[in-house]
Amino acid sequence: MLIPAFLFAMFAGIAIGCSLGVIFHRNPVHCALLLVGVLLSVSGLFILLNASFLAALQVLVYAGAIMVLFLFVLMLLNLKGENPLLTRGAAKGFGILFAIVVFVELLWTVLSPQMEGGMAASPTVPTGFGSPAAIGRVLYTVWLYPFEITSILLLIAVIGAVVLAKRKFG
Amino acid sequence: MDTAFLIESAIKVHIVLGFVLLVVPYIVWMERKVLGHMQDRIGPERVGPFGLLQTIADGIKLFMKEDLVPAQADKVVFIIAPGITVVTALIAATVIPWGDTVELFGRTVALHVADVNVALLFVLATTSMGVYGIVLGGWASNSKYSLLGGLRSSAQMISYELAQGISLVSVVLLAGTLSLAEIGRQQAHLWYVVPQFFGFLIYVISGVAETNRAPFDLPEAETELVAGFHTEYSSMKWAFYFLGEYANMMVVAGVAITVFLGGWQGPVLPPVVWFLVKLTAFLFFFIWLRATFPRLRYDQLMAFGWKVLLPAAILNLVVTAVVVALW
């Protein structure tokens with residue numbers, strides 16, 4: 001029981017520390033790297049929750065592919081210690097509003113009675129929980145429509161990217 | 001988590017990591033010898049019998065070299081980057097099975113360090129992290145050639161990762177599991193290279209591209225980029241990139257053997273020996289490729305990855321899926 005608690009504290013601590021670094025660091029490339037640190041420690045938390053499939057996908061897709069493309073763009077632009085883009089009043093106000101909404105939402109979820117019951121009695125994990133087969137079954141039955149709508153959204157994004165890249169400027 | 005399990009894991013970690021690190025000098029020696037003979041030369045022969053100690057001497061020389069960090073470099077990232085390459089390769093090596101379970105001292109011991117039920121995804125995930133070592137090294141050096149090398153490698157590795165992953169998915173469809181040990185066990189009678197020959201071809205081609213080896217060694221391309229991402233690296237930091245490349249070769253070869261070439265299975269010889277024989281043969285194949293093919297041009301490389309290899313991999317996956325569904 002001690003080792004999982006220690007691991008949780010470690011991953012959670014790294015995640016929080018890296019998240020703060022993402023916000024406060026001046027160099028965009030360092031920020032991107034700290035974001036990779038956040039993603040990796042969150043995937044560690046997934047493993048502690050018996051969701052090793054999700055953890056592997058998190059590293060493979062987010063940390064291994066999407067963040068590399070982020071870095072690719074940041075390095076090409078070679079921004080070093082740029083001034084923050086959104087400092088004007090309206091943008092700042094929107095950011096604060098958004099943060100408050102997310103915070104209230106999370107607080108509401110944590111304090112809901114359903115959650116309290118879950119924390120009191122540590123639930124037993126059903127066999128096969130978090131396995132690729134179990135996730136696939138749920139994804140293609142219960143969540144079929146959201147899943148297909150997401151894939152159409154992604155297709156639209158791909159077509160949009162191709163159209164933008166092919167457009168002749170000037 | 002009982003104490004015996006912890007001790008067993010610790011021993012296995014030491015064996016696997018020690019093996020990978022100790023065997024790299026001999027792979028380098030093999031590469032130089034084989035390349036030499038393929039080019040009608042002799043290769044290293046002065047230090048030790050058959051030049052066997054040549055790479056050890058080179059290693060000692062690298063330890064003694066001055067360690068330079070460019071003045072305008074991003075120091076922290078510059079120092080971390082080579083480590084990332086080595087560490088990700090070593091982590092990936094822990095899930096590759098060397099054999100089936102054996103009985104040792106009254107315990108059932110599996111011949112791989114970590115028993116992960118999504119081992120195949122685990123390998124892909126850790127090797128996809130390996131690209132950071134090269135990209136960051138190229139960026140942190142603050143040199144044009146290094147940056148170009150780093151950018152090339154990020155584009156190349158992401159492109160070929162897709163084809164690699166999809167070619168492995170075809171085998172997963174046949175095997176019905178993501179566990180490397182289980183996939184290896186299923187090939188007692190038929191290696192997956194027989195039903196999945198095209199998958200194997202696609203995996204090997206993208207595997208060579210993933211490890212940045214000739215004919216896909218564009219991130220370093222000494223004739224145009226002056227060694228690319230590691231131009232500014234010297235001493236042991238440079239040696240770490242070298243070490244990482246060879247450790248990555250072993251991981252790619254280990255996965256290919258386990259998934260397509262029957263893993264540790266084979267007649268007469270014991271399982272671990274079979275695994276090592278196949279590993280050596282595969283590494284020889286890597287060296288053979290390097291001696292045979294000239295380097296591709298960069299646009300050819302990207303066109304080949306996206307317009308030939310990826311569609312071929314998807315087609316292979318669709319055909320496999322249809323066959324599995326109808327059977």
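General observations
- Neighbouring partner chain Cβ atoms per residue of B:115-123, average, 10 Å criterion: 4
- Label-zone membership for region B:57-83, site residue B:236, 7 angstrom Cα→C-beta point, backbone N under 15 Å: B:59-69, B:79-83
- Ordering A:167, A:137 by the number of other Cβ atoms within 10 Å of each residue's own Cβ, fewest first, gives A:167, A:137.
- Derived scalar couplings between HN and Hα for region A:54-66 equal 4, 4, 5, 5, 4, 5, 5, 8, 7, 6, x, 10, 5 Hz in order, rounded to whole Hz, by the Karplus curve 6.51 cos²θ - 1.76 cosθ + 1.60 (θ = phi - 60°), x for Gly and Pro.
- Cross-link pairs exceeding 24 Å in C-alpha to C-alpha distance, out of A:92/B:75; A:166/B:307; B:75/B:144; B:33/B:144; B:75/B:237; B:278/B:307, comprise A:92/B:75; B:33/B:144; B:278/B:307.
- Dipole magnitude of the protein assembly as shown about its Cα centre (Cβ charges: Lys, Arg +1; Asp, Glu -1), debye to nearest 20: 980 debye
- Two-site label geometry, residue B:298 and residue A:140: point separation in nm, points 7 Å out along Cα→Cβ: 4.1 nm
- Taking the number of Cβ atoms within 10 Å of each Cβ as an exposure proxy, the fewest-first ranking of A:74, B:173, B:148 is B:173, A:74, B:148.
- Label point distance in nm, residue B:197-residue B:42, each placed 7 Å from Cα along Cα→Cβ: 4.2 nm
- Footprinting exposure proxy ranking of B:251, B:268, B:102, B:77, fewest other C-beta atoms within 10 angstrom first, gives B:268, B:102, B:77, B:251.
Each value in this text was obtained by applying a stated rule to the coordinates, not by laboratory testing. Because the structure is predicted, anything quoted here is derived from the model rather than measured. Cβ: placed from backbone, ideal geometry, glycine included. Neighbour counts: every protein chain shown.
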